[in-house]
Amino acid sequence: MNTIAKLLQLAARAEHLGVIVTRIGLMVVLLWIGGLKAFKYEADGIVPFVANSPLMGFFYKYPAPEYKGHMNAEGQLVPANREWHRENRTYLFAYGLGAVIVLYGLMLGLHPWRPEIAALGGFLVVIMSLTTLSFLITTPENWVPALGDTEHGFPYLSGRGRLVIKDIIMLGAGMVVMADSARAYLRKKGLAYE
């Protein structure tokens, strides 16, 4: 057997380890990002996504695009902008969203003991990822603005857009851990699956 075939055999046996790393990776991202929602800079950063979303915009007091005059850059403190966000319910929404995201991460961590809860957590990550991907359609800030360069608009993703498009990976990872936890639950109950 040649070296390439041996390497491919080794790679083929890595699936189980890959699922474990995927689950741990999802947990780290969900717990970390969910936890950061308690901090004002993170809450400020998601405002364009939430405000422009037909699924979530109603959580805020002020309609889009009013937020544009009240955005703080990361690391910047403009007290008047912070007060606007407080009145807008930006921080209240972020606390709730962060708690939900952390809950999803904790659900995934229950896989060894309660795989059915972990499977539900994986499903909820899939739904969350689809919701986040919808921001590509609803949030104008995902695309490079027309400020003089010919490279603007679709398909030129801005920093926000590049952040959102990565949720395609979260979507796939959620599906992988959901399926793995569902299989573990069915095995535990002695039920067949195809």
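The values are calculated or read from the model by the stated rules, or taken from the named source; none is laboratory data. Computed from a predicted structure; not experimentally measured. Cβ atoms come from the backbone with ideal geometry, glycine included; neighbour counts cover every protein chain shown.
For His16, the conditions (1) under 15 Å from Thr131 (Cβ atoms); (2) modelled with pLDDT under 95; (3) part of a helix (DSSP H, G or I) all hold with the exception of (1). Among the residues of segment 167-194, those identified as small (Gly, Ala, Ser), within 30 Å of Leu136 (Cβ to Cβ) and either out of contact with any Phe, Trp or Tyr (no Cβ under 9 Å at 6 or more places or on another chain) or loosely packed, with under 15 Cβ neighbours inside 10 Å (or both) are Gly172, Ala173, Ala179, Ser181.
Within segment 124-173, the residues that satisfy the criterion of being without any contact (Cβ under 8 Å) to a residue 24 or more places away in the chain and basic (Lys, Arg) are Arg162, Lys166.
Residues in segment 146-162: is at least one part of a helix (DSSP H, G or I), of a type in the set (A, V, I, L, M) and touching a helix residue (DSSP H, G or I) at 6+ places or on another chain (Cβ under 8 Å)? No, every residue in segment 146-162 fails to be part of a helix (DSSP H, G or I), of a type in the set (A, V, I, L, M) and touching a helix residue (DSSP H, G or I) at 6+ places or on another chain (Cβ under 8 Å).
Here is a yes/no grid of residues against (1) at pLDDT 95 or above; (2) assigned to a helix (DSSP H, G or I); (3) over 23 Å from Pro79 (Cβ atoms):
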residue	(1), (2), (3)
Leu7	no, yes, yes
Ile20	yes, yes, yes
Leu26	yes, yes, yes
Gly35	yes, yes, yes
Pro54	yes, no, yes
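Which residue, of Ile169, Ile165, is closer than 19 Å to Leu30 by Cβ, at pLDDT 95 or above and touching a strand residue (DSSP E or B) at 6+ places or on another chain (Cβ under 8 Å)?
Details: Ile169 fails: touching a strand residue (DSSP E or B) at 6+ places or on another chain (Cβ under 8 Å).
Checking each option against the conditions leaves just Ile165.
Could you please let me know if Val47 is under 24 Å from Thr138 (Cβ atoms) and either of a type in the set (A, V, I, L, M) or in contact with a Cys (Cβ under 9 Å, 6 or more places away or on another chain) (or both)? Here the answer is yes, as Val47 does meet what is asked.
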